[in-house]
Every structure is written in structure tokens, then in C-alpha cells.
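The values are calculated or read from the model by the stated rules, or taken from the named source; none is laboratory data. Because the structure is predicted, anything quoted here is derived from the model rather than measured. Cβ coordinates were reconstructed from backbone atoms using ideal geometry, including for glycine residues, and neighbour counts include every protein chain displayed.
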């Protein structure tokens, strides 16, 4: 398939840039099917952790929540022990207790891994 230079618009800064024949061949050799969405300067700024848009762009970095992946969606819930509002990283189910962080730690100390009471004696 013969390639020709393509003029694309950067989705970050809005400037036009050329997706060259060489870049297209490189993308194809790596199995990449999508065209680049950012111009070379925005791509390099993104890789370096900055932004050509200045301080208006918030970059959380690779260490933010789960190695740079999307943060967990939190769901509101009422603690079954103290009745305070809390947020949990899972969708609460009817009939299953949900605890705030403090109550969860207290319950965890008194029960075993399977919900059984922890063995408090010696062996």
C-alpha cells in the first residue's frame, strides 16, 4: 500500500502537522492502525510529563492511582456499623454490609479471612 503525506490536526494544541510517509511506514511496521492525534511537540511534551498548554493541564503522572491508569470509581454508601456516609471502590449490594474505613479495620481485626472469628489462643 503506497503511503502519501497526510496533514492532521493536533487534538491538544489545534495546530496542523504532517504525518509523513516514513512515520506511516513505521506505524504500520509496529502494527499501529490509528493515526497520531498529537503533533510531535505535544507528543514529546506529553512523554516528558509537561504540556505545551502550560499550567492549565493537570498531569497526574505515572504514580497517580494504580500506576497511571484511570482512578477507581467510588460509590456512596452508608456504613452498616456507624451509619456514616462513606465511599467505597465497589458497587454495594443489597443484603451485604458496607463499612467505613475505621469500622472495616475494626471488623477485620475481630474476624478471620473467611468471616470466621479470629483464633485468639495459642496453638
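For region 1-13, enumerate the residues that are farther than 17 Å from residue 44 by Cβ and out of contact with any strand residue (DSSP E or B) (no Cβ under 8 Å at 6 or more places or on another chain).
Selection gives 1, 2, 3, 4.
Six or more apart or on different chains, Cβ atoms under 7 Å: show the pairs whose first residue is in region 99-123 and loosely packed, with under 10 Cβ neighbours inside 10 Å and whose second is at pLDDT 55 or above.
Here the result reads 117/110; 117/111, each pair linking region 99-123 to a residue that is at pLDDT 55 or above.
Working carefully through the options 80, 118, 45, 28, find the one that is touching a helix residue (DSSP H, G or I) at 6+ places or on another chain (Cβ under 8 Å) and either modelled with pLDDT under 85 or under 30 Å from residue 6 (Cα atoms) (or both).
118
Mind checking which pairs have a first residue in region 84-96 that is under 17 Å from residue 72 (Cβ atoms) and a second that is outside any loop (DSSP other than H, G, I, E, B), Cβ under 6 Å, 6 or more apart or different chains?
86/77; 87/76; 88/75; 88/77; 91/75; 92/77
Name the residue that is surrounded by the fewest Cβ atoms within 10 Å (Cβ to Cβ), counting only residues in region 14-32 that are over 23 Å from the mean Cα position of the chain (by Cα) and assigned to a loop (DSSP other than H, G, I, E, B).
The extreme case among them is 31.
How about region 1-12: which of its residues are in contact with a helix residue (DSSP H, G or I) (Cβ under 8 Å, 6 or more places away or on another chain) and at pLDDT 90 or above?
4, 5, 6, 10
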